[in-house]
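The values are calculated or read from the model by the stated rules, or taken from the named source; none is laboratory data. Since the structure is predicted, the reported quantities are computational estimates derived from the model, not experimental observations. Reconstructed Cβ throughout: ideal geometry from the backbone, glycine too, with neighbour counts over all protein chains shown. Keep in mind that these areas ignore ligands, DNA and RNA; they rest on the heavy atoms of the full protein, side chains included. Shrake-Rupley method; radii C 1.70, N 1.55, O 1.52, S 1.80 Å.
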Amino acid sequence: MPSPKSEMQKFGAKYKLIGKDYPTPDLYAKVTGKSKYAEDFRVDGMLFCKLLLSPVPHGRVKHLDLSKALAMPGVKAILTQDDLPAPADSVTDLGVTIKANTQGEKALTMEPLYQGEPILAVAAVDEWTAAEAIEKIDIEFEHLPFALDPLETLRPRGPNPRVEGNVWVEEENSPPRVGVLKWKEEDFAPAKYGQLPMGKPQEEWSYGDLDAGFKNAALVLDETFVTPDTSHQTLEPRTALAYWQNGKVFLHMGTQSTVQTLAGLGRWLNMDRSQIVLISEYTGGGFGSKATGYIFAIIPALLAKKANAPVMMRISREEEHFIGRARPGFQGRIKAGFAKDGRITAVDMYAIGNNGPYDEAGDVGASGEIVSLLYQPPAMRWRGVTVLTNTPPRGPQSAPGGMQGIVMMEPILAKAARQLSLDHVAIHRINSPEGKAEWGPASNGKRAHATSAFLKEAFDRGAEQFRWKERVAQPKRSGSKVRGVGVSSSCFFAGSVGYDGLFVIRPDGRIAIQSGIGNLGTESLSDVHRVVAEVLGVPWEKCDVIWGNTSKNLPWTCVSGGSQTTHAMTRAAHAAAMDGKQKLQEIAAKTFGGTPEQYEVGNEKVFRKGGGRSLTLAQAAQRAIQLGGKYDGHEPPPDVNKYTKTSIAALAGQGLVAAAKDKYPHDGQSFSYVASFAEVEVDLETGKYFLTDYLAVADVGTVIHPKALSGQVLGRSILGMGHAMGQKWVFDPQYGHTISRRFYHTKPPTILDVPTGMQWAALDIPDPETPVGARGIGEPPVGGGCGAVLNALSDALGDEVFRRAPVNLDTILTSLEAGRPMQEPLTAFI
Amino acid sequence: MKEEIPPSEREATSLRLSRRNFIKGVIGGGVAASSAHYLFRASSLLGESSAPGDRLLTLNVNGQLRRADVMKQETLAWTLRYKLGLTGTKLGCDRAECGACTVLIDDVPHYSCSVLTHTVRNKKVVTIEGLANPDGTLHPVQQGVIDEQGFQCAFCMSGFILSAVGYLKTHPNPTRAELAHGLSGNLCRCQDYDKILTAMMRGAENLRKVSRA
């Protein structure tokens, strides 16, 4: 049953630009093929490089002879780990020194920790020559023991993925180091019954009275659930081009963030960031995997230096699988108590995350925090272990950890609703956060709280729009087909604070808005700056957004990831706009007399209230240059970041320079929320199922750009659905080799896997803790996309079919026949 | 000789050649030390004389006759991107999985990563750069993207647009479900399918208006 076509939603009733659609400034270049991504650039004398990848999951190079390769005509240089700068300490924005992690990931290594890890790189006149040279390299590996499955290495005599151990150990005032964590044999007893063993955790926290919560529960469920490892699979592989000029390195690469990528490049190259120019105007997808660039971009940079020529490193799809990051799969278990009305009384959660061999992904920790917020248990214990394995490195993927936590929790909520004969929307609604909802463990006796939450309103709106009650009342079975409907809660962190806004009102009357946000396709790079035009009352057509090149004087900007940007940078844009407005008023008062408050800004003018003399923006910009000082950027605001100050100094004298740091008050942590509704149809004879309908209702605060928002709400929902509907990693356990290495091995949903008329809605209720009221949206829908599909499947098939994701047709057929879940319940990568 | 081959057989020949080329690539690639796919001679790019085995071909691309030194194993995607400077055609997988490299060959969408360049002699190739009018007026399908803010990162965009343009030539008035089938050879990892489909439907509508006018 299709849901009624949602009437055109209207947003931004009190605004001219905010809440309205507009063609973004990057769109024309994209649609005509003029937009240049990293691989589209050409430089005279450009060499090409190829990588030699490890054939073993864990080993050591015991013999290496490059002579035959180096003797080949056309081979210009070979880069190995000996050419890499030593890991450098880094200094944060706040001046805190972070000691270098000597056991962290390097761009090249002689001790590979996963199959496909880059060992060395050859630069040659073309790729053919580089590939031939790699064939001529004489290399031998010593094989070392390897571990793929976290449970395998946690066993008392299990293999360690690294010589030093299988987990990161945190110690105060020193970088993390690799150590050993083994559980006792008796800890593994529950595994015999398909339940997750829960040995000594690395971390744990709790609040409330857990025992009382379970004792007073009408129903207690204890469920083990396994979530898949899924590659980010950005359509643009992490290709990069580098060359050197006058001691500076110029890097063309795809990255989510512009300004924030410099710090990583500086650390990896051990160079001052003022000597690095990053060009990244267009990026072919990130989803967290290119949040602040990637370490492999230094390979062409260092090769270019060594060969004294530009080097293009093109990454193939298979190479991308190995180095392109993935979401950590979880082996998890939750015990949850429910009152008769469905209200959760207690949650006891255990999460094991598969990390790959290198730097720790934060997923395991985030999973507990998100569950504590989204389901509001009055008592909760969370325990977690992040385990190292010889599988490709993990990194944050849209809603890192939060998604896995939601996917562990949602099937339990659906099962509880069935056992307590409750409506599924009702059980989600009664447990939803509202207002300044608390989350996470207590610190100094007090738990943290959210800025706001309107998830209950989202469920109300969604239930009506999806015609939930009608759908539930309809017959499920029709011939061999059975229909199911499911609903899911979802949320994630959605905003940071404290960054800078910067723009110049030029003497020609146009506004040059400096944007340090990356262009990964979310359109936040221009969307947030609509606030500048809105506040100043300037037509958008008079604004030019400058982005994607760190030599273009950009302001200090948040990482374009983790759903921060819309929140953080609308605040910064608002602060800069208020600074610009104040300066315009002051300039008018200096020019015509009176006080600044007697002047108003609007219609591309600053004018005396109630009529009288006025300056056009062009005239005001010329006056600003005459006045100098703070007006044209010669005196930057004292509190902006030093990175912004450098940019202001370069822009000084070009017009009225408006710049400010976001210092707006902010009580609580910002989150965004989504209520997701799904309908599936399963063919019981074939096990094949289709998603027939989907609706996501988003609570993201004020809507800035509806069409871009719809793309995020539905696009990130589908990314989540991929985890329910088929994506996973598979390894050969004997040799530790990766089997799922291309799109067709672990295929993201295609246009035929989703309904042709998906629905979305946004509440458009402003968040009270931010001036424009907008929060981020990239991550929050992901868990709901997966959770709603899983719950629709269990509605159709019952509780005895699956206890891990994805749910494939063989899972359905074999389990229905046996009357119980037939998939191996705990093993990773099946 | 090639001119006498009927179109259906030309297609068959090109398929056979492609497959052989890719089997070769698969053998060379794989697990171990290197991956022998993703190769090409950059000779003409580097301004050197053509490498042995190269052959000077004349190709009809975007209505222009273009000459390029082409290796016999060279794919159309390489020639377009590295010999003719048409970088709007993207490589997402180089193995006929994602559709980012889709171009029109005699009005039919093809994965240019899986077509050998020498098989398109005497055919008309259209890439994203050739869709708009020389006066800058966008193709109605391109305009549909602007109207609906279609796509996110847009790395898949040129492939989707050319698939849509090809499909609409034979199915000018599709339903959403029909057009989805027409576009199902293209992957969007931003998973922006709903908005893409809306933009392509708008493109179809724009196209019908232009055709009627």
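Of the strands (runs of 3 or more DSSP E) contained entirely in the range B:72-140, those carrying at least 2 residues that are away from chain A (no Cβ under 14 Å) and closer than 27 Å to B:His171 by Cβ fall at B:108-111. Summed over the range B:95-115, the residues that are buried (at least 24 other Cβ atoms within 10 Å of the Cβ) and under 14 Å from A:Glu236 (Cα atoms) give a count of 4. If only residues of the range A:14-40 that are more than 9 Å from chain B (Cβ to nearest Cβ) and more than 19 Å from B:Val141 (Cα to Cα) are counted, the one that is surrounded by the fewest Cβ atoms within 10 Å (Cβ to Cβ) is A:Lys14. For the range A:314-352, filtering for residues that are among the polar types (S, T, N, Q) and in a strand (DSSP E or B) leaves 2.
When only residues in the range B:203-213 that are over 22 Å from the mean Cα position of the chain (by Cα) and modelled with pLDDT of 95 or more count, which is surrounded by the fewest Cβ atoms within 10 Å (Cβ to Cβ)? Show your work before the answer.
First pass over the range B:203-213, keeping only residues over 22 Å from the mean Cα position of the chain (by Cα): B:205-206, B:208-213.
Now restrict to residues that are modelled with pLDDT of 95 or more: B:205-206, B:208-209.
On the way: B:Glu205: 14, B:Asn206: 19, B:Arg208: 14, B:Lys209: 10.
So, considering only residues that are over 22 Å from the mean Cα position of the chain (by Cα) and modelled with pLDDT of 95 or more, the one surrounded by the fewest Cβ atoms within 10 Å (Cβ to Cβ) is B:Lys209.
Checking each residue in the range A:41-65 for being more than 9 Å from chain B (Cβ to nearest Cβ) and assigned to a loop (DSSP other than H, G, I, E, B) picks out A:Val43, A:Val56, A:Pro57, A:His58. Taken over the range A:280-296, residues that are of a type outside the set (Phe, Trp, Tyr), out of contact with any Phe, Trp or Tyr (no Cβ under 8 Å at 6 or more places or on another chain) and closer than 15 Å to A:Leu262 by Cβ amount to 5. Considering only residues that are more than 7 Å from every other protein chain (Cβ to nearest Cβ) and assigned to a loop (DSSP other than H, G, I, E, B), which ones fall in the range B:181-203? Listed by number, the residues that qualify are B:Gly185, B:Asn186, B:Cys188.
Looking at A:Arg804, A:Arg775, just one residue is in contact (Cβ under 8 Å) with a residue 60 or more places away in the chain, in contact with a Phe, Trp or Tyr (Cβ under 8 Å, 6 or more places away or on another chain), open to solvent by 10 Å² or more (accessible area, probe 1.4 Å) and not aromatic (Phe, Trp, Tyr), and that residue is A:Arg804. If the condition is being among the small types (Gly, Ala, Ser) and open to solvent by less than 10 Å² (accessible area, probe 1.4 Å), then the range B:72-94 contributes B:Ala77, B:Gly88, B:Gly92. Among the residues of the range A:504-523, those identified as within 14 Å of another protein chain (Cβ to nearest Cβ) and open to solvent by 10 Å² or more (accessible area, probe 1.4 Å) are A:Leu520, A:Thr522.
One residue alone among A:Asp810, A:Asp764 is under 28 Å from the mean Cα position of the chain (by Cα) and farther than 20 Å from A:Leu719 by Cα, and that residue is A:Asp764. Please work out which residue is nearest to A:Val364 (Cα to Cα), limiting yourself to the range A:374-407 and to residues that are more than 19 Å from the chain's Cα centre (by Cα) and open to solvent by 10 Å² or more (accessible area, probe 1.4 Å). For the range A:374-407, the residue satisfying everything is A:Arg383. Among residues of the range A:655-680 being touching a helix residue (DSSP H, G or I) at 6+ places or on another chain (Cβ under 8 Å), over 25 Å from A:Val371 (Cα atoms) and of a type outside the set (Gly, Ala, Ser), the one that is most open to solvent (accessible area, probe 1.4 Å) is A:Lys663.
Residues being open to solvent by 20 Å² or more (accessible area, probe 1.4 Å) and either in a strand (DSSP E or B) or of a type outside the set (S, T, N, Q) (or both): count how many of those fall in the range A:163-180.
Residues in the range A:163-180 being open to solvent by 20 Å² or more (accessible area, probe 1.4 Å) and either in a strand (DSSP E or B) or of a type outside the set (S, T, N, Q) (or both): 10 in total.
Checking the conditions here, which among A:Ala796, A:Ala792, A:Ala762, A:Ala788 is more than 14 Å from chain B (Cβ to nearest Cβ), of a type outside the set (S, T, N, Q) and in contact with a Ser or Thr (Cβ under 6 Å, 6 or more places away or on another chain)?
Working: A:Ala796 fails: in contact with a Ser or Thr (Cβ under 6 Å, 6 or more places away or on another chain); A:Ala792 fails: in contact with a Ser or Thr (Cβ under 6 Å, 6 or more places away or on another chain); A:Ala762 fails: in contact with a Ser or Thr (Cβ under 6 Å, 6 or more places away or on another chain).
Just a single option satisfies the conditions, and that option is A:Ala788.
Pick from A:Gly594, A:Gly562: which is more than 33 Å from the chain's Cα centre (by Cα), assigned to a loop (DSSP other than H, G, I, E, B) and assigned by TED's automatic domain parsing to the domain that holds A:Ala533? After applying the criteria, what remains is A:Gly594. The set of residues in the range A:41-58 being small (Gly, Ala, Ser) and surrounded by fewer than 23 Cβ atoms within 10 Å (Cβ to Cβ) consists of A:Gly45 alone.
Look at the range A:725-744: where a residue is under 21 Å from A:Leu809 (Cβ atoms) and away from chain B (no Cβ under 13 Å), no partner that is among the hydroxyl-bearing types (Ser, Thr, Tyr) and not in a loop (DSSP other than H, G, I, E, B) sits 6+ places away or on another chain with Cβ atoms under 6 Å.
Out of A:Val220, A:Val226, I need the residue that is open to solvent by less than 10 Å² (accessible area, probe 1.4 Å), more than 23 Å from A:Ala88 (Cβ to Cβ) and not assigned by TED's automatic domain parsing to the domain that holds A:Ala291. Which one?
Working: A:Val220 fails: open to solvent by less than 10 Å² (accessible area, probe 1.4 Å).
None of the others qualify; the one that does is A:Val226.
Could you list, in sequence order, the residues of the range A:439-458 that are of a type in the set (D, E, K, R), in contact (Cβ under 8 Å) with a residue 24 or more places away in the chain and either closer than 17 Å to A:Arg381 by Cβ or surrounded by fewer than 15 Cβ atoms within 10 Å (Cβ to Cβ) (or both)? Spell out how you get there, then give the answer.
Narrowing the range A:439-458 to residues of a type in the set (D, E, K, R): A:446-447, A:456-457.
Subsequent filtering for residues that are in contact (Cβ under 8 Å) with a residue 24 or more places away in the chain retains A:447, A:456-457.
Correct list: A:Arg447 only.
Against the list (1) buried (at least 24 other Cβ atoms within 10 Å of the Cβ); (2) among the hydrophobic types (A, V, I, L, M, F, W, C); (3) part of a helix (DSSP H, G or I), the condition A:Ala649 fails is (1). Given the criteria surrounded by 14 or more Cβ atoms within 10 Å (Cβ to Cβ) and at pLDDT 95 or above, does A:Ala77 qualify? Judged against the criteria, A:Ala77 is a match. Report whether or not A:Gly701 is farther than 23 Å from A:Asp795 by Cβ and more than 13 Å from every other protein chain (Cβ to nearest Cβ). For A:Gly701, the condition - farther than 23 Å from A:Asp795 by Cβ and more than 13 Å from every other protein chain (Cβ to nearest Cβ) - is met.
Of the residues contained in the range A:724-739, one or more are found to be open to solvent by less than 10 Å² (accessible area, probe 1.4 Å) and touching a helix residue (DSSP H, G or I) at 6+ places or on another chain (Cβ under 6 Å).
Scanning the range B:152-180 for residues that are within 7 Å of chain A (Cβ to nearest Cβ) and surrounded by fewer than 24 Cβ atoms within 10 Å (Cβ to Cβ) gives B:Arg176, B:Ala177, B:Ala180. Considering each residue of the range A:685-697 in turn, at least one proves to be closer than 29 Å to A:Phe11 by Cα, away from chain B (no Cβ under 14 Å) and crowded, with 24+ Cβ neighbours inside 10 Å.
Of the residues making up the range A:83-138, just one is under 15 Å from A:Phe322 (Cα atoms), of a type in the set (Val, Ile, Thr) and surrounded by fewer than 21 Cβ atoms within 10 Å (Cβ to Cβ), namely A:Thr109.
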